[in-house]
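Below you'll find the structure, written out as structure tokens, and then a few comments.
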Amino acid sequence: MAAPSMAAALAASLPAPQAAPTPAAPTYEAIPASMSKAIDIEAEIPLTCVQLDGMVITKILKHSREASSTTAHGLLLGLDLDGILEVSNSFALPSHTNDDDEKATKSIGRYQASMLRSLKEVQGDDNVVGFYQATSLGAFFNQTLIDTQAIHQDRLRHGGVVIVHDISQTARGNASFRAFKLTPSFMDAYRRANFSTAGLVSHRLTFSSILEEIPLRVRTNALLNSYLNMLATPSTSSFSGARPGEATTSALSPSYSVLDIGNTGLTKNLEQVAEAIDNYRTEEGNVAYLSRQIAREKLRAETYVAKRKEENARRVSQGLNPLPEEDVSRLFRIPPEPSRLESMLLLGQVDAYAKSLESNAGTGLVKMYGAKASSGV
Amino acid sequence: MPLSASSSAAYLQNTSPTPNGAPSTRPTSLTIHPSALFSILDHYLRRTDAQHRVIGTLLGSRTDSSVDVKAAFAVLHSETDEQVAVDMDYHRAMYDLCARVRPNETIVGWYSTGSDLNTYSALIQNFYSQETAPHQAVHVALDTGTEGGKGAGVKAYISSPVGIFPKPENCVFVPIPCELRFHEAERSGLDLLLSPNASPAQTDLDVLASALTDVQNMLNRVLAYVQSVLRGEVVGDKAVGRYLMDVLGTGVEEDGGWTAGLQDTLMVTYLANLVRSQAEVSARLALTSSA
């Protein structure tokens, strides 16, 4: 898996946190009173909302659909203003190949740097504010996403966001975009690389407290809006004898794919749930095996120490010199406690698949009753 | 789905094969993806004060007779009374970057905003024709609708040389039909942009409810029309009547699978709920097991 390599590439190419261009920063004029609250040079205003531009939405849609698997990811560019993170542009990143990690890392870094430079030349935004990731059936928890976002959160102004786009839900007629960032407690545990059981308990981490969701809204600028309305306005055909179905046409005719009654995705979804549960079980088995091994080693170490003490006590009572207390940790290698992060993420996937299954089946149920009522059966 | 509203242009095509019998590589139609369209609009918004119009490269794929524009990126250029300059290095560098992510998209032509075609357009067209050789470059002229008197719209052109001795600054732009095309699965994303206050966080049920309300409103409209015809207020259109009969006559047939389907769906819902609660319990247990 090229997870760390991509993360490293991002780290190499990202600007330092202060590098975010704030319009008022380099000038010595006083910030106008009306803007003084909105502009925060030190990034002190917490993010309350993420605003996605219409162009970014279409770009993500296109990239996610064209990429064959759920590996589509890219960078988000924009600015933050008064607690609203405005995402105004995005570009796709090449999907990483596993052939040569070192090379791939460097080339992704170079790719990003030259793309940012090129965008700046044509007056585009070149300030990285996060990344997007395509997913299917709602399960977006994985190591790559967490690693990348953790690096962003350390380096970017405001920590950046990750926008998750669900392809399967969009295909069902409900375009799904959600914005997330890692919770502070997870970041703390991540920095210390402390995902042992005790670490989880002290940070109160479950899969639902890894990410926090930020409200997201969609913005279309006035020009785009007028264009969209132009496209959606039906135009009457110039032929007088046209069939009623073809008499009016528009570039964006209304679509009712939501009303499709077939439960096509359910089987796939069920399979995914079963697979995720299997993966989770395997991981749990690994953890349990390691735990047993630790327990066994500890027991052996303890019995050894106890035996040595007993022997020493006997030798003292016989008037002999006690044997030296050896370093137990050198004799017995007690393996480190296994990281629970992987199993937590897998559990999160199980939950996400089940959730999407539930909502999918729920709407299916409503549609079935609706169809039954309308057919008068 | 035509892009510009009513147009009376007749699309003339010289489809006669070339003398040596090879099929003509001239595209006869063009489709454009919304994301390319929106990129052009965004580029137009970000132009500098000095720029009268903006140009850029169109990326996409082509078949024998049609060109599919899938993406667009901005290219630096400057126009004065004496000369026009296009930053070719920038164009090449940007194309190389784009080709790494989407290797199946090639240069198919160029776009500009505004609808005036002049000598400079011909020169730029000449440059892009070299880039797309042996195929012909297409030109998409996007009218933003912000300049007085002109409506918003998109027009697509191909070029042919003109004159006895063809010169790069002379050419005829021949319009070709231009349509918006996107995958059905992307449709809901565009719906999101069309509805002014839709939040992307709405559930499937919300979307279903709004779609059903739409259908209900349409049925009410049809019902009102039919009743007014029955009352004799409006003269009925026979074509509409037949169309309605075709559409509404196809009743859903009674199938025995309904109950079975219902049971399956209920079972799946139950299972999904069970899995979710188990996952939650498991996560909590992981927190307490060391205590």
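Computed quantities for the displayed model
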item	result
Residue match in the stretch A:301-318 (condition: assigned to a helix (DSSP H, G or I), among the aromatic types (Phe, Trp, Tyr) and surrounded by 13 or more Cβ atoms within 10 Å (Cβ to Cβ))	yes
Strands (runs of 3 or more DSSP E) fully within the stretch B:112-198 counting 1 or more residues that are of a type in the set (Phe, Trp, Tyr)	B:153-161, B:171-176
Failed item in (1) closer than 30 Å to B:Leu45 by Cα; (2) open to solvent by 20 Å² or more (accessible area, probe 1.4 Å), with A:Phe180 passing the rest	(2)
Count of residues meeting criterion [part of a loop (DSSP other than H, G, I, E, B) and at pLDDT 85 or above] in the stretch B:47-68	1
A:Asp278 vs. criteria at negative phi, loosely packed, with under 13 Cβ neighbours inside 10 Å and acidic (Asp, Glu)	yes
Number of the condition not met by B:Ala156 [criteria: (1) more than 26 Å from B:Ser65 (Cβ to Cβ); (2) crowded, with 19+ Cβ neighbours inside 10 Å; (3) touching a residue at least 60 places away in the same chain (Cβ under 8 Å)]	(1)
Condition check for B:Glu147: loosely packed, with under 14 Cβ neighbours inside 10 Å, closer than 21 Å to B:His43 by Cα and free of Cβ contacts under 8 Å to residues at least 60 places away in the same chain	yes
Hey, A:Gly173 buried (at least 20 other Cβ atoms within 10 Å of the Cβ) and touching a His at 6+ places or on another chain (Cβ under 6 Å) or not	no
Subset of the stretch B:239-263 [open to solvent by less than 80 Å² (accessible area, probe 1.4 Å) and either at pLDDT 85 or above or facing chain A (nearest Cβ under 7 Å) (or both)]	B:Ala239, B:Val240, B:Tyr243, B:Gly251, B:Trp258, B:Gly261, B:Leu262
Test: B:Ala141 is on the phi < 0 side of the Ramachandran plot and more than 7 Å from every other protein chain (Cβ to nearest Cβ)	yes
From the options B:Tyr95, B:Tyr90, residue that is of a type in the set (Ser, Thr, Tyr), facing another protein chain (nearest Cβ under 10 Å) and open to solvent by 10 Å² or more (accessible area, probe 1.4 Å)	B:Tyr90
Which listed residue, of B:Leu271, B:Leu266, B:Leu205, B:Leu212, is facing another protein chain (nearest Cβ under 8 Å), in contact with a Ser or Thr (Cβ under 8 Å, 6 or more places away or on another chain), under 30 Å from A:Ser356 (Cα atoms) and surrounded by 11 or more Cβ atoms within 10 Å (Cβ to Cβ)	B:Leu205
Residues satisfying the stated conditions in the stretch A:138-168, i.e. buried (at least 24 other Cβ atoms within 10 Å of the Cβ) and under 26 Å from B:Leu212 (Cα atoms)	A:Gly138, A:His165, A:Asp166
Residue in the stretch A:289-305 that is within 14 Å of chain B (Cβ to nearest Cβ), among the β-branched types (Val, Ile, Thr) and free of Cβ contacts under 8 Å to residues at least 60 places away in the same chain present	yes
Residue count, the stretch A:111-130 (criterion: facing chain B (nearest Cβ under 10 Å), of a type outside the set (Val, Ile, Thr) and more than 23 Å from A:Lys181 (Cα to Cα))	9
Of all residues making up the stretch A:183-198, the number that are open to solvent by less than 20 Å² (accessible area, probe 1.4 Å) and facing another protein chain (nearest Cβ under 10 Å)	1
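Okay, residues lined up against (1) more than 22 Å from B:Phe38 (Cα to Cα); (2) assigned by the TED database to the domain that holds B:Asp42; (3) out of contact with any helix residue (DSSP H, G or I) (no Cβ under 9 Å at 6 or more places or on another chain):
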site: B:Glu82; (1), (2), (3): yes, yes, yes
site: B:Ala122; (1), (2), (3): yes, yes, yes
site: B:Leu142; (1), (2), (3): no, yes, no
site: B:Cys171; (1), (2), (3): yes, yes, no
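The values are calculated or read from the model by the stated rules, or taken from the named source; none is laboratory data. From a predicted model like this one, the values you see are computed outputs, not experimental measurements. So basically every Cβ, Gly included, is an ideal-geometry build from the backbone, and we count neighbours across all protein chains shown. In case anyone asks, the SASA skips ligands and DNA or RNA and just uses the protein heavy atoms, side chains included. Shrake-Rupley method; radii C 1.70, N 1.55, O 1.52, S 1.80 Å.
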